[in-house]
Amino acid sequence: MINPGRNKSFICNLYVIGGNILEKVLYQYHFNFLGFLPLFIPLGLGLFSFFFWKINNRARVIGLIGGSFCILLFMVSTSTYIYKYFNVKHKIDTNNVKIVEGYVKKYHPMPYEGHEDEHFTINGVYFEYSDFEIINGYNKSASHGGVITHNGQHLKIKYYKDSSDINEIVYIAQISP
């Protein structure tokens with residue numbers, strides 16, 4: 001017997017109809033806090049540079065200009081990041097995404113060190129991603145614990161085309177046989 005309180009995330013990730021598991025959710029789009037953290041670097045630099053403006057007049061000007069620029073960069077990049085998140089979330093909520101279901105073919109894993117992107121096709125739809133890119137969607141390679149690991153996986157993928165015409169994955173489910 002499954003304890004609902006303890007295994008809540010497990011139960012929520014399975015769709016059951018008539019006692020048969022239809023699909024197991026492997027990935028759902030979410031706010032990526034780790035992708036958000038690098039945006040604090042310009043904020044830190046900006047605040048740090050304000051401390052140098054007390055040394056002399058030249059340092060004061062450099063500190064004010066550099067600090068202001070870094071804080072402005074933080075504000076612009078943060079608002080862009082949050083806007084992109086809500087834009088993709090709106091696409092998902094309004095069902096403005098494409099769905100492809102089938103078997104993974106032409107799977108090419110990314111080496112652990114990087115240097116190549118992981119890519120595959122499902123029913124002729126091409127997907128490509130890398131752990132080392134901050135994108136609005138799935139980007140975890142198999143070598144770093146990703147869920148797409150080999151040819152022949154039966155998956156259902158929801159995706160959208162971004163402004164660069166790249167298929168961004170927002171949902172992955174394993175289809176049971």
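Can you confirm whether the stretch 108-129 contains a residue that is within 18 Å of K84 (Cα to Cα) and loosely packed, with under 14 Cβ neighbours inside 10 Å?
Here is the first cut: in the stretch 108-129, the residues within 18 Å of K84 (Cα to Cα) are 129.
Subset that is loosely packed, with under 14 Cβ neighbours inside 10 Å: none.
No; the residues of the stretch 108-129 include none that is within 18 Å of K84 (Cα to Cα) and loosely packed, with under 14 Cβ neighbours inside 10 Å.
Table: residues versus (1) exposed (fewer than 11 other Cβ atoms within 10 Å of the Cβ); (2) modelled with pLDDT of 75 or more; (3) hydroxyl-bearing (S, T, Y); (4) more than 30 Å from I157 (Cβ to Cβ).
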position: F10; (1), (2), (3), (4): no, no, no, no
position: N13; (1), (2), (3), (4): no, no, no, no
position: I21; (1), (2), (3), (4): no, no, no, no
position: V25; (1), (2), (3), (4): no, yes, no, no
position: L34; (1), (2), (3), (4): yes, no, no, no
position: F40; (1), (2), (3), (4): no, yes, no, yes
position: F52; (1), (2), (3), (4): no, no, no, yes
position: R60; (1), (2), (3), (4): no, no, no, yes
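Could you tell me which of the residues Y138, Y107 is under 13 Å from the mean Cα position of the chain (by Cα) and modelled with pLDDT of 85 or more? Write out each step before concluding.
Numbers: Y107 fails: under 13 Å from the mean Cα position of the chain (by Cα).
None of the others qualify; the one that does is Y138.
The values are calculated or read from the model by the stated rules, or taken from the named source; none is laboratory data. Because the structure is a prediction, the values reported are computed rather than measured. Here Cβ is always computed from backbone atoms with ideal geometry, including for glycine, and neighbour counts include all displayed protein chains.
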